[in-house]
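Down below is the structure, laid out as structure tokens.
The values are calculated or read from the model by the stated rules, or taken from the named source; none is laboratory data. Worth saying up front: this structure is predicted, and the values here are computed from it rather than measured. Glycine also receives a Cβ, built like all others from the backbone with ideal geometry; neighbour counts cover every protein chain displayed. The accessibility values were calculated without ligands, DNA or RNA, using every heavy atom of the protein model including side chains. Shrake-Rupley method; radii C 1.70, N 1.55, O 1.52, S 1.80 Å.
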Amino acid sequence: MVNSAGTVVVLLGSPGVGKGTQGVRLGRELGWAHVSTGDLLRAARRAGTPLGHEAQRYMDAGELVPDDVIIDLVREHLGGMDPGRGVVFDGFPRTVAQAEALDGVLAGEGRAVNATALLEAPEPVLFRRISGRRSSPGGRVYNVYFDPPERDGFCDDTGEPLIHRADDQPETVRTRLAVFREATAPLIGYYESRGLLVRVAAEGHIDQVYAALLAAVGE
Ligand code: AP5
């Protein structure tokens, strides 16, 4: 894939596999927009909007927020962005209906998904990562075992207190993993059949995974 303006990369993978970690870094290092539907929904919840209120019960249960809500959210978010800027999607699309809607929105801007990176790691690794995760309200992700902040409990960038997500309890994580297998795994075939899927081993160190991801998407 050529490093061109307007490149679109989708990060696909189970909860805790590292989509947010790698998506933030791709955005920062390549100057791309990082669009995480999980972050957009959490921001809506913090702001107390009707959308945030509606999303809360699904998120707390580990279920997917309905497609029409998510598609409207992404459409609105992309509407304010320069289509010439690269973008990395993290946690979106999550269903075939969302992928089809994304294709439609991008086609309207004269672009398309260039690559979908499927990040893969075994379940015990995912549980360990999720149990140690702490997040800043701005979206930066830390891990008390693997990637701690300089000052315990606070974001290095903003100084804000770090959050332990409510949906990171083991029972909810089991639901989220099942939802991934049922609703999101069909996207593997969707993108594979279009020649857009690249698999990235995500078990190693964050830097190793990042290097593999860059190579996989051709940057
Ligand atoms: P969302 O926030 O997207 O959660 P998720 O997809 O379940 O993914 P996670 O955020 O849990 O994990 P991640 O892969 O980003 O891993 P991370 O980089 O944080 O969605 C939350 C909820 O919102 C959903 O359940 C749903 O209700 C709703 N939602 C969101 N999008 C939706 C959509 N499109 N449709 C419908 N509903 C939607 O890493 C995890 C931890 O591991 C961190 O602590 C990190 O520091 C650490 N780590 C990462 N990589 C490594 C590494 N290589 N080595 C060691 N540690 C690592």
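Numbers below:
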read-out: Selection status of D39, of a type in the set (D, E) and surrounded by fewer than 16 Cβ atoms within 10 Å (Cβ to Cβ); value: no
read-out: Matching residues in the range 175-185 - criterion: being free of Cβ contacts under 8 Å to residues at least 60 places away in the same chain and closer than 17 Å to A121 by Cα; value: A178, R181, A185
read-out: Qualifying position, being under 21 Å from V65 (Cα atoms), in contact (Cβ under 8 Å) with a residue 60 or more places away in the chain and in contact with a His (Cβ under 7 Å, 6 or more places away or on another chain), among D167, D90; value: D90
read-out: Given (1) in a helix (DSSP H, G or I); (2) open to solvent by 70 Å² or more (accessible area, probe 1.4 Å); (3) near the ligand (Cβ under 10 Å from one of its atoms); (4) within 21 Å of F89 (Cβ to Cβ), number of the condition Y58 does not satisfy; value: (2)
read-out: Residue match in the range 5-16 (condition: open to solvent by less than 20 Å² (accessible area, probe 1.4 Å), near the ligand (Cβ under 7 Å from one of its atoms) and not in a loop (DSSP other than H, G, I, E, B)); value: no
read-out: Residue in the range 42-54 that is aliphatic (A, V, I, L, M), under 15 Å from the mean Cα position of the chain (by Cα) and modelled with pLDDT under 95 present; value: yes
read-out: Every residue from the range 122-181 that is of a type in the set (A, V, I, L, M) and loosely packed, with under 13 Cβ neighbours inside 10 Å; value: A166, A178
read-out: Matching residues in the range 61-114 - criterion: being open to solvent by 50 Å² or more (accessible area, probe 1.4 Å) and touching a strand residue (DSSP E or B) at 6+ places or on another chain (Cβ under 8 Å); value: H77, R85, A112, N114
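Rundown of residues vs (1) at negative phi; (2) at pLDDT below 95; (3) of a type in the set (V, I, T), yes/no style:
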| site | (1), (2), (3) |
| --- | --- |
| M59 | yes, no, no |
| D72 | yes, yes, no |
| A99 | yes, no, no |
| G110 | no, yes, no |
| N114 | yes, no, no |
| L118 | yes, no, no |
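Results for (1) under 29 Å from A215 (Cα atoms); (2) in contact with a Lys or Arg (Cβ under 9 Å, 6 or more places away or on another chain); (3) within 10 Å of the ligand (Cβ to nearest atom), shown as yes or no for each residue.
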{"site": "R25", "(1), (2), (3)": "yes, no, yes"}
{"site": "A47", "(1), (2), (3)": "no, no, no"}
{"site": "L51", "(1), (2), (3)": "no, yes, no"}
{"site": "P66", "(1), (2), (3)": "no, no, yes"}
{"site": "L73", "(1), (2), (3)": "no, no, yes"}
{"site": "E76", "(1), (2), (3)": "no, no, no"}
{"site": "G91", "(1), (2), (3)": "yes, yes, yes"}
{"site": "A115", "(1), (2), (3)": "yes, no, no"}
